[in-house]
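Colleague: Quick one: the structure is below, questions incoming.
The values are calculated or read from the model by the stated rules, or taken from the named source; none is laboratory data. Keep in mind that what you see is a predicted model, and the values were worked out from it rather than measured. Because the Cβ atoms are built from the backbone with ideal geometry, glycine has one as well, and the counts that use them run over all protein chains shown.
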Amino acid sequence: MKRETFLTTALLLPALLATACALNPATGRRQISLIGESQEIRMGTEADREISADMGIYQDPALAKAVADMGKRLAAGSERQDLPWSFKIVDEPVVNAFALPGGYIYVTRGILASLNSHGELAAVLGHEIGHVTARHSVNQMSKAQLAGLGLNLGTALNPSVARYAGLAGKGSALIFLKFGRDDERQADDLGLRYMRRAGFTGESMLEVFRMLAATGGGSSQIPGWLSTHPNPGDREERILGQISQAPAALPQDTVWLRLLEGLVFADDPRQGFFRGNRFLHPDLAFRIDFPSGWETANTRSNVSALHPEGKSVIELALAPQETPTAAATQFFSATEVQRGPSRWTSISGMTTVSASFRAGNGDEAIAGLVAFVALGDQVIRLLGATPASDWPAREATMVAALASFAHLTDSRDLNVTPFRLTLTPIGAATTLAEFHRAHPSTVTLDTVARINHLQPDSRIRRGMLIKRVIGGP
Ligand SMILES: [Zn+2]
């Protein structure tokens with residue numbers, strides 16, 4: 001059943017009256033949408049602010065310009081060239097790219113590290129532009145609205161990514177919409193069209209598909225490419241069928257590769273890293289020990305540990321207030337929160353306001369412990385919370401975790417450097433594995449192979465540039 005067919009239901013007649021039925025310029029198909037173009041752009045603009053704040057924009061002017069220039073060149077050849085197109089690099093290690101309604105497109109620094117040429121960049125951006133010109137996310141939202149679900153994006157979210165708690169905002173929900181396989185085919189076709197109009201051939205798109213397949217889902221705070229862009233299965237064959245000649249091996253794009261020199265790779269330990277259950281934050285100079293066996297996560301807005309049964313959480317976040325007292329006053333001003341006895345006035349020598357609390361009633365009641373700690377001129381909120389019925393069993397664990405908060409003093413931890421890409425020219429023909437032995441990276445041979453689109457036993461020629469990874473904790 002095509003998605004338009006359920007619109008004939010009499011129940012949806014009032015919605016139909018408010019519906020615009022327009023010819024989509026990219027797909028040439030009639031599309032029914034509750035969301036007009038100006039609303040689409042407005043949604044994108046709002047979500048863009050949130051995404052830029054949540055994920056952070058990666059700072060590298062030359063690379064940012066290369067991405068934006070390529071995006072604009074491709075978008076200029078699209079059917080919606082008048083959208084306010086924007087192309088940004090988000091500071092995320094995962095391999096992915098996202099498109100928001102209205103023409104806001106993001107590539108992660110992780111996907112850039114895995115690309116080998118301008119043509120591959122064109123393939124990634126062209127595919128995302130295709131999602132926008134074909135209005136895929138707008139259609140999904142319209143579908144949700146028409147089905148009487150309102151604009152509750154949670155329902156359209158891929159359930160496996162809905163749990164990324166630190167990125168639960170509406171803007172982030174928009175980029176984590178999971179496209180359907182038909183949408184993916186269409187985005188591939190449109191991407192190929194835009195690449196060709198910009199002077200690139202389809203081989204680079206095949207190369208990107210192979211790289212993405214080799215990358216797999218990955219583990220990160222945000223979902224990888226295959227979680228948000230399901231592989232339609234026949235993807236390579238379909239694009240291959242549209243390439244007239246047999247795919248040729250392209251020469252190395254050394255101009256592109258040189259742009260990647262120094263690119264931060266994997267998680268940036270300056271923004272916090274785990275060593276076992278201990279979380280260390282070099283930039284803010286603190287550490288905390290989470291209970292062993294709990295599932296930990298570090299996002300831009302918080303650090304958390306979740307009990308294996310999923311009901312109890314310990315969370316650490318920056319409070320916006322200037323003093324622990326002001327932050328505590330704000331926290332306990334919520335009517336549903338009842339303040340309990342105070343616990344500490346200092347943790348590891350830092351001024352602290354803390355208390356146990358209860359919130360909610362009956363089966364929904366939550367019990368916990370909150371501490372606001374003055375760390376330099378910042379206030380850190382430490383919070384442990386659990387269903388009230390579990391509190392007696394969890395209290396000692398929560399108290400121990402919160403009390404472990406301390407200054408980070410070890411200079412090796414304070415001075416930790418991020419993993420970074422570096423390009424090394426090959427002096428004499430060899431294999432990647434031999435090269436890796438002679439010029440070690442601080443990541444595994446498999447990772448080096450993946451980012452170079454090679455196998456460990458691949459032959460590499462004299463004069464080639466090979467990506468390595470240096471630095472890291
Ligand atoms: Zn896609």
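Colleague: Out of all the residues in the range 104-117, is one or more among the basic types (Lys, Arg) and surrounded by fewer than 21 Cβ atoms within 10 Å (Cβ to Cβ)?
Modeller: Filtering the range 104-117 for residues among the basic types (Lys, Arg) gives 109.
Of the ones still in play, those that are also surrounded by fewer than 21 Cβ atoms within 10 Å (Cβ to Cβ) are none.
Within the range 104-117, none of the residues are among the basic types (Lys, Arg) and surrounded by fewer than 21 Cβ atoms within 10 Å (Cβ to Cβ).
Colleague: Just to be sure before I move on: is ALA403 hydrophobic (A, V, I, L, M, F, W, C), touching a residue at least 24 places away in the same chain (Cβ under 8 Å) and out of contact with any Ser or Thr (no Cβ under 9 Å at 6 or more places or on another chain) in the structure I sent?
Modeller: Working: hydrophobic (A, V, I, L, M, F, W, C): yes; touching a residue at least 24 places away in the same chain (Cβ under 8 Å): yes; out of contact with any Ser or Thr (no Cβ under 9 Å at 6 or more places or on another chain): no.
No; evaluated as a whole, the condition is false for this residue.
Colleague: Can you run down the residue pairs with Cβ atoms below 6 Å, 6 or more apart or on separate chains, where the first is in the range 123-141 and buried (at least 24 other Cβ atoms within 10 Å of the Cβ) and the partner is of a type in the set (Ser, Thr, Tyr) and part of a helix (DSSP H, G or I)?
Modeller: Filtered contacts from the range 123-141: ALA123/SER204; GLY126/TYR194; ILE129/TYR194.
Colleague: Among (1) surrounded by 15 or more Cβ atoms within 10 Å (Cβ to Cβ); (2) under 31 Å from the mean Cα position of the chain (by Cα); (3) not in a strand (DSSP E or B), there is one condition ARG394 misses while meeting the rest; what is its number?
Modeller: (2)
Colleague: Let me ask another. Out of THR335, THR296, THR329, report the one residue that is without any contact (Cβ under 8 Å) to a residue 24 or more places away in the chain and closer than 30 Å to ARG450 by Cα. Working first, answer last.
Modeller: Working: THR335 fails: closer than 30 Å to ARG450 by Cα; THR329 fails: closer than 30 Å to ARG450 by Cα.
The match here is THR296.
Colleague: Quick check: is even one residue across the range 194-213 modelled with pLDDT of 95 or more, within 15 Å of the ligand (Cβ to nearest atom) and over 22 Å from the mean Cα position of the chain (by Cα)?
Modeller: Among the residues of the range 194-213, at least one is modelled with pLDDT of 95 or more, within 15 Å of the ligand (Cβ to nearest atom) and over 22 Å from the mean Cα position of the chain (by Cα), which makes the answer yes.
Colleague: Can you confirm whether ALA10 is at pLDDT 75 or above and in the same structural domain as ALA198 (by TED's automatic domain parsing)?
Modeller: Considered against the rule, which asks whether it is at pLDDT 75 or above and in the same structural domain as ALA198 (by TED's automatic domain parsing), ALA10 comes out as no.
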